[in-house]
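The values are calculated or read from the model by the stated rules, or taken from the named source; none is laboratory data. If you're wondering where the values come from, they're calculated on a predicted model, not measured in any experiment. Cβ placement follows ideal geometry from the backbone for every residue including glycine, while neighbour counts extend to all protein chains displayed. For accessibility, only protein heavy atoms count, side chains too; no ligands or nucleic acids. Shrake-Rupley method; radii C 1.70, N 1.55, O 1.52, S 1.80 Å.
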Amino acid sequence: MHPIIDLRSDTITRPTPEMRRAMAEAEVGDDVYDDDPSINRLQALSAEILGKEAALFVPTGTMSNSIAIKTHTQPGDEILLDGEAHSMLYEVGLPAIVSGVLTRQFISHKGIPDVADIVSKFQEESLHSPRTSLLILENTHNRSGGVVIPVDVQRKLWEQAQQHGVKVHIDGARLFNAAIASGKSPSEFAQYADTVTFCLSKGLGCPVGSVLCGSHGFISRAKRVRKMLGGGMRQAGILAAAGIYALENNVQRLAEDHANAKRLAEGLNGTPGIHLEEEVPPTNMIYFRTDALAESLITAMEAHGVIASTVSAYRIRLVTHLDVDAQDIERTIEVIKDVATACH
């Protein structure tokens with residue numbers, strides 16, 4: 001059990017000694033010149049895993065989504081995305097600022113898009129209307145509790161998008177969580193999209209980085225946008241080595257995070273003053289609503305060494321990850337039950 005149990009996000013993990021060793025021993029070059037062998041290997045490995053032609057290593061998931069949007073669209077176009085998508089809520093208006101596009105929102109049911117509703121929103125360019133050029137799907141869906149959008153739903157949306165000339169981008173920040181939870185391969189999700197991004201710095205335990213995957217032509221254009229946004233790095237193979245290690249060693253272990261999340265939810269279920277949104281979390285996230293102010297519970301939890309995030313005045317999120325073990329989960333259950341009872 002760790003002295004501090006940090007459940008704010010799966011981004012807070014620290015590189016393991018084995019990952020640090022891989023970083024220290026990484027062969028490097030200048031990536032802007034395509035000369036970094038570690039980055040080239042990471043990109044080739046990522047493209048192979050997702051079943052795409054090519055890939056591009058970028059500093060962050062936010063930059064990766066922004067590159068995808070700008071490469072797929074023209075200023076004045078419209079993009080469709082979930083009203084609670086990361087690109088809508090947590091990217092500081094980048095679609096408007098960088099790409100000059102309108103963002104049109106749709107509402108999902110517990111994170112699962114309604115195919116007919118989305119298709120009804122596709123617009124062709126006219127004298128009065130912008131064209132819908134891009135559909136963004138977030139899988140897993142963070143704000144809906146880490147839910148997995150089923151492959152079949154993605155397939156139906158992909159088929160409709162193809163008919164309407166709309167590109168599809170998957171914000172797969174936690175795509176490997178979706179794959180482990182569903183028993184599908186990452187490529188089964190990726191086949192129903194033009195482009196896919198995934199984060200190395202979330203469940204996979206890396207200190208930094210995301211990878212954007214697509215066709216050779218798309219990645220060639222995307223590389224220019226990455227340079228424009230300041231994402232052209234030099235001897236970044238030190239970072240890419242962490243990504244290679246993660247893809248080779250940290251994917252299957254995501255099942256442990258999912259099991260820990262389920263145990264945590266099981267332990268909290270029925271606690272007075274706490275209302276789980278899902279009794280069985282779909283992946284590695286637990287969202288619950290509180291009778292008392294969430295901030296008061298968070299403060300009390302921190303006093304006992306458990307850190308979490310408030311989502312709203314009466315909503316809290318817990319995220320399991322590489323740096324949380326089974327003992328931490330049992331201690332967390334004990335702490336939250338105690339403070340919830342005291343605050344109830």
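Probe 1.4 Å, all protein chains in place: accessible area of His164 in Å², nearest 10?
About 80 Å², ignoring ligands and nucleic acids.
Please state the charge dipole magnitude for segment 1-146, taken about the Cα centre, from unit charges on C-beta atoms (+1 on K and R, -1 on D and E), reported in debye and rounded to the nearest 20.
For this selection, approximately 500 debye.
Can you work out the Karplus-derived ³J(HN,Hα) for every residue in segment 253-269? Use 6.51 cos²θ - 1.76 cosθ + 1.60 with θ = phi - 60°, whole Hz, and x for glycine or proline.
5, 4, 4, 5, 4, 5, 5, 5, 5, 5, 5, 5, 5, 4, x, 8, 4
What's the Cα-based Rg to Rh of the chain, Rh via Kirkwood?
Radius of gyration over Kirkwood radius for the chain works out to 0.98.
For the chain, what's the relative contact order in percent, using C-alpha pairs closer than 8 Å and at least 6 residues apart?
Relative contact order of the chain: 25 percent.
What aspartates and glutamates does Lys223 reach when the alpha-carbon gap must be under 12 Å and sequence neighbours fewer than 8 apart in one chain are set aside?
Asp31, Asp34
What does the extension gain come out to for Lys121 and Gln74, with contour length at 0.36 nm per residue minus their alpha carbon separation?
Additional length available on full extension: 15.1 nm.
Given H placed 1.01 Å from N in the peptide plane, which residues other than close sequence neighbours of Lys167 have an amide H under 5 Å from its amide H?
Residues meeting the amide H criterion: Leu134, Leu135.
Filter Lys110/Lys227; Lys52/Lys262; Lys52/Lys227; Lys52/Lys121 down to the pairs with a C-alpha to C-alpha distance above 30 Å, please.
Long pairs (Cα-Cα over 30 Å): Lys110/Lys227; Lys52/Lys262.
For the chain, what proportion of DSSP beta bridges, expressed in % and rounded to the nearest 5, is antiparallel?
55 percent
Which aspartates and glutamates does Lys70 reach when only Cα atoms under 17 Å apart count, and residues fewer than 8 places away in its own chain are ignored?
Glu78, Glu91, Asp171, Asp194
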